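Note sheet for the following structure.
The values are calculated or read from the model by the stated rules, or taken from the named source; none is laboratory data. The structure presented is a predicted model; accordingly, all values stated were derived computationally and were not measured. Counting neighbours? That spans all protein chains shown, and the Cβs are built from the backbone with ideal geometry, glycine included.
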Amino acid sequence: MCDNWVLRFPSMFDEKTITLDQCHDVAGAALPFFFNDYIDKWDVMYGYFALGVSDIYITNELGFELDKISKIAKGKNVKIRVLPNVAQSSWFDTDDLRKFFIRPEDIENYLPYVDVFEFYETDPSKPQVGSILYKAYAKDKRWYGKLNEIIDNFSGELDGRFTHPHWVDRRISCAKRCLKGRHCRACLTIGSFADTLEKAGITIEKPEEKTEVSKKELEENIRKYYGADVENHINLDDILTSIEKQ
């Protein structure tokens, strides 16, 4: 049985979409569905929740509140969708660094809050773009070049290789406080710092996560290293007990 599907209807404000009565019928039939609308307001988001949708697109300002939105959406069994490769803002002239987008290097930071990462492709004559984006975001989780090469509507010269990894920690939950009278210039500061690092030729990479090694795995590795006569070289029990206490 295939359950990896969902109905996507045109925008609620498109004359070709379904009516509210039909919407309620679909919801009543327990069919997963959503609308091709990009949501950037809390009121609108709750309106779609009330319709019984299974998914919603989150864009623009709400992209900076995914921690809060995800918690609410999960409580309503609604999946969060985002377009990571589009720099998004409800105003046409917003500074690139203050737009919502997701770097390939930051994709794992968003995994707890986003269910579906959907690539936005503007040129159907270049089908290879989808493969490039998938490799950057899903496989490599990095991009060796300017972000404007893979992120649509981003005209800046920011290069992911010189961007400090800590900036994403704020962007997930900052609610754009920089525009609400609260002191925060993290995005602009990190952007400026990236320019400095690029001129100096210094790249930054995220540290790899440390993985816990079980007592059994550790004992097996030690025995492989010392061989069958491990007890003649070290007191294995004392070492394992000491590590457990750390």
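For (1) without any contact (Cβ under 8 Å) to a residue 24 or more places away in the chain; (2) among the charged types (D, E, K, R), each residue gets a yes or a no:
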{"position": "148", "(1), (2)": "yes, no"}
{"position": "152", "(1), (2)": "no, yes"}
{"position": "155", "(1), (2)": "no, no"}
{"position": "158", "(1), (2)": "no, no"}
{"position": "176", "(1), (2)": "no, yes"}
{"position": "180", "(1), (2)": "yes, yes"}
{"position": "184", "(1), (2)": "yes, no"}
{"position": "187", "(1), (2)": "no, no"}
{"position": "191", "(1), (2)": "no, no"}
Which residues, counting only those in the stretch 95-137, are farther than 17 Å from residue 70 by Cα and either outside the structural domain of residue 80 (by TED's automatic domain parsing) or polar (S, T, N, Q) (or both)? 122, 125, 128, 131
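Each row is one residue, and each column tells you yes or no for (1) in contact with a strand residue (DSSP E or B) (Cβ under 6 Å, 6 or more places away or on another chain); (2) assigned by TED's automatic domain parsing to the domain that holds residue 59; (3) modelled with pLDDT of 60 or more; (4) over 24 Å from residue 111 (Cβ atoms).
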{"site": "141", "(1), (2), (3), (4)": "no, yes, yes, no"}
{"site": "144", "(1), (2), (3), (4)": "no, yes, yes, no"}
{"site": "149", "(1), (2), (3), (4)": "no, yes, yes, no"}
{"site": "189", "(1), (2), (3), (4)": "no, yes, yes, yes"}
{"site": "193", "(1), (2), (3), (4)": "no, yes, yes, yes"}
{"site": "220", "(1), (2), (3), (4)": "no, no, yes, yes"}
{"site": "234", "(1), (2), (3), (4)": "no, no, no, yes"}
Among the candidates 114, 129, which residue alone is surrounded by 14 or more Cβ atoms within 10 Å (Cβ to Cβ), more than 28 Å from residue 193 (Cα to Cα) and touching a residue at least 40 places away in the same chain (Cβ under 8 Å)? 114
Result of the Cβ filter at 7 Å on the stretch 30-50, keeping first residues that are outside the structural domain of residue 77 (by TED's automatic domain parsing) and partners that are of a type in the set (A, V, I, L, M), at least 6 apart or interchain, is none
If you check 40, 14, 3, which single one turns out to be closer than 30 Å to residue 192 by Cα and of a type outside the set (Phe, Trp, Tyr)? 40
Filtering the stretch 81-95 down to residues that are under 12 Å from residue 153 (Cβ atoms) and hydroxyl-bearing (Ser, Thr, Tyr) yields 89, 94
Condition check: more than 20 Å from residue 118 (Cβ to Cβ) and of a type in the set (Lys, Arg). Does residue 98 satisfy that? yes
Would you say residue 3 is at pLDDT 95 or above and charged (D, E, K, R)? no
Could you list all residues from the stretch 1-49 that are over 23 Å from residue 87 (Cα atoms), of a type in the set (Ser, Thr, Tyr) and outside any helix (DSSP H, G or I)? 17, 19
Which members of the stretch 104-125 meet the condition of being within 17 Å of residue 58 (Cβ to Cβ) and in a loop (DSSP other than H, G, I, E, B)? 111, 112, 113, 114, 115, 118, 119, 120
Could we say that residue 72 is in the same structural domain as residue 145 (by TED's automatic domain parsing), surrounded by 16 or more Cβ atoms within 10 Å (Cβ to Cβ) and in a helix (DSSP H, G or I) here? no
Would you be able to say whether some residue in the stretch 154-174 is at pLDDT 85 or above, within 24 Å of residue 119 (Cα to Cα), polar (S, T, N, Q) and over 18 Å from the mean Cα position of the chain (by Cα)? yes
Single residue of the stretch 23-68 satisfying the filter (crowded, with 17+ Cβ neighbours inside 10 Å and β-branched (Val, Ile, Thr)) that is nearest to residue 99 (Cα to Cα): 59
